[in-house]
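To start, the structure under review is shown below, and the notes come after it.
The values are calculated or read from the model by the stated rules, or taken from the named source; none is laboratory data. Nothing here was measured: the structure is a model prediction, and the numbers come from that model. Note that we place each Cβ from the backbone using ideal geometry, even for glycine, and neighbour counts take in every protein chain shown. Each accessible area value is taken on the protein alone, full model and side chains, heavy atoms only, with ligands, DNA and RNA left out. Shrake-Rupley method; radii C 1.70, N 1.55, O 1.52, S 1.80 Å.
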Amino acid sequence: MSAVEMNVQFLPPRIQCFGTQQLFHDFHTRISAGQITAVLGPNGSGKSTLLRLAARLLAPEQGKVQISEEHTLLDTEAYALRRAMLTPELSFYAQLTARENLQFIAKLRNKILHPEACTNLLEQVGLSDTTTMVQGFSTGMRQRLKLAVLLAVDADVWLLDEPGMNLDKDGVKLLHAEIQRAARQHKLILLATNDHQEEAMADAYIHLPGH
């Protein structure tokens, strides 16, 4: 499979402002597949905003976010099917089971998950495949379900915002193993984090200053 590359270029004088706060002034970086790129910086420095810009969920006031495959730019629709996000804002249908949520989200990505595949994915992330509705899940179980969704859609671009949040020691170990495996599979991984263990996994870094 060919690799997806990302070129992020925000040019002066102003790129993305929220109120009076200016982010990413004169910012340019290239993010490559096959490695883990960590976005580091204090709270409020724009880590989550950078991920949303990279996902094309936000548009910069000036500048561009280009995603290419073998030097061919991907349009917004094609890119949407190639990327997946794991963020604190990702939520599930409380009245559905983990299996039902997994199948529903996969279907939105034009993927069919058969019952056996769902069972295997849920077991892979440490969730037993039961009839329990997600409303009864702990925050850690919901975070594991987010990882199952990430694995189910099998995207080429992983945009991860504090992915280890609310995970126990075993969950963190599982998460890190899957991220490293994805990098070996030549996926593009952009990881926003303040966690030292996640930072230590990275091959490249984007440092955002505080304000």
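Compute the accessible area per residue over the chain, keeping the other protein chains in place, probe 1.4 Å, unit Å². Walk me through the numbers on the way to the answer.
Numbers: 10740 Å² over 211 residues.
For the chain, the solvent-accessible area averages 51 Å² per residue.
Given axes a ≥ b ≥ c from the Cα gyration tensor, I'd like to know whether the stretch 164-211 is rounded (a/c under 1.5), prolate (a/b larger than b/c) or oblate. The shape class here is oblate. According to the square roots a ≥ b ≥ c of the eigenvalues of the Cα gyration tensor, what is the shape class of the stretch 105-201, taking rounded for a/c under 1.5, prolate for a/b larger than b/c otherwise, and oblate for the remainder? Judged from the Cα gyration tensor, the stretch 105-201 comes out oblate (a/c at least 1.5, b/c at or above a/b).
Using Stokes-Einstein with the Kirkwood hydrodynamic radius over Cα pairs, what translational diffusion coefficient do you get for the chain at 25 °C and a viscosity of 0.890 mPa s, in µm²/s rounded to a whole number?
Values: Rh = 17.9 Å.
Translational diffusion coefficient: 137 µm²/s.
Measuring only protein heavy atoms, the 1.4 Å probe finds His114 accessible over about 120 Å².
With a cut-off of 8 Å between alpha carbons and a minimum separation of six or more residues, what is the relative contact order of the chain in percent?
Over the chain, the number comes to 33 percent.
What do you get for GluC sites (Glu not before Pro) in the stretch 96-155 restricted to DSSP loop and a cutoff of at most 13 other Cβ within 10 Å of the site's Cβ? Show your work: numbers first, answer last.
Values: sites: Glu100, Glu116, Glu123; in loops: none.
Nothing satisfies the criteria.
Based solely on its DSSP helices, what 222 nm [θ] is calculated for the chain when runs of n ≥ 4 H residues each add -39,500 (n - 2.57) and the sum is averaged over all residues, nearest 500 deg cm²/dmol? Don't skip to the end; give the middle numbers.
Values: 7 runs with 71 residues, N = 211.
Mean residue ellipticity at 222 nm (helix-derived): -10000 deg cm²/dmol.
Could you tell me what percent of the accessible area of the chain is made up of carbon and sulfur, with a 1.4 Å probe and every protein chain present?
Working: 5400 of 10740 Å².
Carbon plus sulfur share of accessible area: 50 percent.
Kirkwood radius for the stretch 35-146, taken over all pairs of different Cα atoms as the inverse mean of 1/r, rounds to 16.5 Å.
Ranking of Leu51, Leu167 by solvent-accessible surface, largest first: Leu167, Leu51 (1.4 Å probe, protein heavy atoms only, all chains present).
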